[in-house]
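The values are calculated or read from the model by the stated rules, or taken from the named source; none is laboratory data. Source: prediction; values computed, not measured. Neighbour counts run over all protein chains shown; Cβ positions are idealised from the backbone, glycine included. We work out accessible area using only protein heavy atoms, side chains counted, and drop any ligands, DNA or RNA first. Shrake-Rupley method; radii C 1.70, N 1.55, O 1.52, S 1.80 Å.
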Amino acid sequence: MKQTFIFILILFVQQLISHAQNLPQLGKDSIDEVVASMTLEDKVNIVVGAKEGNVQLATDIGMTKKIVEGAAGTTYPIPRLGITPLVLADGPAGLRISPTRKGTTATYFCTHFPVATLIASTWNKELVYEVGEAMGSETLQYGVDILLAPGVNIHRNPLCGRNFEYYSEDPVLAGKIAAAMINGIESKGVGTSLKHFAANNQETNRAANDAVMSVRALREIYLKPFEIAVKESQPWTVMTSYNRLNGVYTAERPDLSITVLRDEWGFEGAVVTDWYGGKNVINQIQAGNDLQMPGSNRQRNSLMQAVQQGELSLRALDEAVKNVLQLVLLSPRFKGYTPDNAPDLKKHAAITRASAAEGMVLLKNQKHALPLNRSVNKAAVFGVTSYDFIAGGTGSGNVNRAYTVSLTQGLENVGLKIDPSLQQQYEQYIVDEKPKLPKKLHSWHPDERIPEMLIREKEMEKLASQHDVAIITIGRISGEVMDRKLHGDFNLTDNEQQLIDDVCRHFQKRNKKVIVILNISGVIELASWIHKPDAVLLAWMAGQEGGNSVADILKGHVNPSGKLPVTFPVQYSDVPSAPNFPLRDTISKEIIQRGLSVNNDGSNNNIRNVGYTLYEEDIYVGYRYYDTFNKRTAFPFGFGLSYTTFSYRNMDVVKDGDDFRVSCEITNTGRYAGKEVTQLYVSAPGITMNKPVRELKAFEKTSLLKPGDKEIISFIVPHDYLAAFNEKKSAWEIEDGIYTFAIGASSVDLRLMKEVLIDTFKIIRVNPVLVPQREMNTTSKISQ
């Protein structure tokens with residue numbers, strides 16, 4: 001009996017093999033032939049992710065769901081057609097997978113690179129490409145096919161909880177940095193997912209919030225970084241966002257994912273939903289969302305039924321299947337790559353350390369307080385965050401790393417002596433206070449920071465007498481699902497203000513310097529206290545080597561060259577979107593709790609700034625508002641100090657076909673070797689429609705220039721970068737008149753200018769789509 005069963009099983013397997021050999025095979029036969037041989041169930045499975053528990057698979061196929069533990073999701077394999085699965089994993093600051101696996105004592109740590117905002121602060125496309133290469137290497141070597149990054153949503157408001165995952169308030173800076181990152185990652189043969197498409201600019205009620213804006217603001221500000229990144233890097237995938245856009249879920253808008261993304265921009269990859277994004281899977285397929293992640297049986301059943309009943313055409317489904325199969329063909333797994341699980345973490349640690357240092361921004365350096373001179377040997381280090389340094393934010397942007405270098409560790413690594421009793425006091429305080437923190441509403445929420453510890457007067461006096469310098473760290477963390485607060489987050493707490501006051505008073509009366517380090521997730525209020533310390537270094541969230549990167553700058557091993565990718569306002573009420581953004585301080589916990597669900601029931605939909613948000617500031621986001629309306633800022637867009645100085649000379653503007661080629665000469669006129677970020681802004685005539693006073697159109701960073709060295713910097717400004725969007729004509733217009741090209745060190749520190757006459761009016765028509773359904777006021781003083 002047993003022999004008979006084995007014989008029958010062998011015959012069955014042989015028949016399967018024989019049958020499979022007669023079927024088209026992906027990679028050997030055309031995609032059309034493979035699709036033609038698929039059953040309806042096959043096709044539906046290909047476009048819906050294989051979330052564990054949702055698909056009944058054969059034992060060997062079922063193992064594919066756990067190829068890489070901790071990955072965000074996988075796609076469905078069909079072995080008889082040669083179709084292998086794809087593995088997709090977070091994230092923007094480095095690959096996010098589980099650091100341990102069942103059945104082995106080996107570890108699978110990944111490098112936590114600096115957060116996106118810091119990466120953008122480097123303004124260095126070549127460096128960003130190098131970081132991307134390192135991320136891509138780890139993605140490949142750990143067996144992941146697609147990294148769910150980068151994010152290019154605009155920093156519309158400083159309280160957005162996810163700003164740290166995004167680059168800038170400016171679409172050109174965001175788009176160019178994203179393109180460099182994508183090209184770096186994909187140079188290693190793995191894919192990326194450009195996200196979140198589009199207008200995901202708040203986390204409060206993110207699964208149902210309706211972002212309501214003019215088509216001009218959408219085209220010029222919120223879609224532009226996606227357009228630049230798509231055209232300059234062609235990412236494998238684009239991920240639609242959770243929110244609604246002008247009344248419709250982005251995952252269900254064919255005018256977004258087909259008309260604009262594919263037809264106008266020429267995108268060639270696949271469109272992927274965010275995890276559980278959208279509401280109606282039939283609408284999503286029809287709208288051009290090719291892959292529904294992480295996948296559910298409900299979606300499969302809906303699609304099967306829709307095709308059978310004629311609600312969804314086979315043509316639309318086949319198009320999605322083909323786009324997903326194109327991804328499979330590109331993937332390392334399909335090409336037979338075997339992961340070695342052995343990335344060069346030591347090499348990548350050096351890359352993250354260097355890139356973090358290059359993106360840190362020196363905001364203040366009174367009387368050359370930095371770099372610390374050789375006589376400074378002993379440091380009194382204050383602030384809870386000095387001992388509990390923040391590598392990055394929480395949620396899908398987090399990375400399971402092996403370690404985080406604290407500030408105190410970094411300072412000791414460059415030879416500074418840290419007061420041991422003060423360190424012990426802080427470390428014990430952290431141990432005692434952390435258990436007292438309130439429980440999080442969601443696992444991805446950031447942990448509350450423990451209250452800042454104050455030092456007694458006599459002890460402070462003693463510390464000031466015994467040490468050469470005081471260093472204070474202020475810490476802020478944010479994460480997915482929740483926006484930041486105004487009180488105790490954007491604004492400093494009373495204890496933090498008191499700590500800065502006390503340290504400055506005791507140390508400065510002894511002529512000793514006070515340095516403040518900002519280990520923060522986003523913009524905070526500075527104006528009320530920045531006059532007190534001698535130097536302030538914006539370190540952002542710098543990844544796992546953050547303490548070393550800060551120490552490299554403080555000791556002068558690295559000359560800071562980061563520039564702000566965002567504006568720091570004097571106060572929150574100055575932010576143009578402040579009236580139209582959810583202020584967590586005033587939103588009830590019940591509303592926040594309801595908004596956490598991706599299956600939102602619509603109960604919040606009529607609450608302003610929760611169910612819908614009016615983008616009444618229109619195109620005047622960030623410096624476009626502050627500079628145009630002469631609004632005072634704490635620090636302008638593009639600002640950043642150096643230990644050296646630079647001169648700008650010999651500006652030239654030459655028409656190159658329809659485009660413009662601009663150049664200038666940068667000279668290091670100071671005493672330290674350094675790099676300078678050179679920014680090109682253009683002011684348009686503004687005759688046919690209102691325009692910002694100036695807009696960033698290009699940027700370049702010099703190489704490391706020694707004192708006295710010169711470098712010629714060249715920019716290319718494509719002619720379409722000079723266009724503004726005319727909603728009435730649904731067209732990009734380049735008006736004729738005088739344009740001012742200005743090169744400078746920030747949006748307000750302009751060193752060289754030239755006027756250029758453009759005497760040929762040009763118009764580039766596009767599809768009249770994405771029109772808002774809800775009324776709003778964009779005729780205020782902001783947009784006039």
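Between 0 and 90 degrees, the angle of helix 171-186 with respect to the longest Cα principal axis of the chain falls at about 60 degrees. What the Cα atoms of region 307-398 give is an Rg and a Dmax of 25.9, 81 Å.
Working note: Cα gyration tensor of region 651-729, eigenvalues times five, square-rooted, sorted largest first, giving semi-axes of 32, 13, 9 Å. For the set K555/K710; K102/K346; K224/K691; K378/K532; K532/K754; K231/K691, the pairs lying more than 28 angstrom apart at their alpha carbons are K532/K754.
Element breakdown for the chain at a 1.4 angstrom probe: carbon and sulfur atoms account for 49% of the accessible area.
Post the alpha-carbon centroid distance, region 73-102 to region 224-264, in whole angstrom. About 23 Å separates the Cα centre of region 73-102 from the one of region 224-264. Mind pulling the angle between the C-alpha long axis of helix 420-433 and the longest principal axis of the chain? Nearest 10 degrees, somewhere in 0 to 90. Helix 420-433 sits roughly 40 degrees off the main axis of the chain. The residues neighbouring L757, those whose beta-carbon lies less than 13 Å from its own, together hold a net charge of -2 under the Lys/Arg +1, Asp/Glu -1 convention.
A quarter of the convex hull surface defined by the alpha-carbon atoms of region 77-177 gives 8.8 nm² as the mean projection.
A 1.4 Å probe run over the chain, with the rest of the protein chains in place, finds 38 Å² accessible per residue. Dipole orientation for region 433-484: of the candidates G475, P451, P438, P438 has the Cα lying most toward the positive pole (charges on Cβ; Lys, Arg +1; Asp, Glu -1).
Any of K512/K563; K364/K631; K51/K176 with alpha carbons more than 25 Å apart? Name them for me. Too far apart for the 25 Å limit: K512/K563; K51/K176. Sequence-distant contacts, meaning Cα pairs under 8 Å at least 6 residues apart, place the relative contact order of region 539-670 at 29 percent.
A cut-off under 13 angstrom between Cβ atoms defines the neighbours of T273, and their net charge, with Lys, Arg +1 and Asp, Glu -1, is +1. Accessible area per residue (1.4 Å probe, heavy atoms of protein chains only) ranks E268, E459, E319 as E268, E319, E459, with the largest value leading.
To the nearest 10, the accessible area of E457 is 100 Å² with a 1.4 Å probe.
Pairwise alpha-carbon distances in region 326-468 exceed 20 Å for 66% of all pairs. For the pair N767 and E268, a Förster radius of 22 Å applied to the C-beta separation gives a FRET efficiency near 0.70, rounded to the nearest 0.05. Ordering N124, A356, I716 by Cα displacement along the dipole of the chain toward the positive end leaves A356 in first place; charges were set at the Cβ atoms of Lys, Arg (+1) and Asp, Glu (-1). A probe of 1.4 angstrom, applied to the heavy atoms of all protein chains, finds I472 with accessible area near 0 square angstrom. Other residues within the sphere of radius under 15 Å centred on the Cβ of S214, judged by their own Cβ, net out at +2 (K and R +1, D and E -1). Distance check, please: which entries in K188/K335; K655/K706; K125/K322 exceed 22 angstrom between their Cα atoms? Violating the 22 Å Cα-Cα cut-off are K655/K706; K125/K322.
Percent of Cα pairs in region 377-459 per distance bin of 10 Å, from zero to the largest separation: 15, 41, 32, 11, 1.
A 1.4 Å probe, protein heavy atoms only, puts the accessible area of R649 near 120 Å². The C-alpha atoms of region 239-286 occupy a region whose extents along the principal axes are 26, 21, 17 Å, arranged from largest to smallest. If you model the chain as an ellipsoid using its alpha carbon gyration tensor, with each semi-axis the square root of five times an eigenvalue, the axes come out at 44, 33, 25 Å, biggest first. Based on Cα contacts under 8 Å between residues 6+ apart, the chain shows a relative contact order of 14 percent. Between 0 and 90 degrees, the angle of helix 125-141 with respect to the longest Cα principal axis of the chain falls at about 40 degrees.
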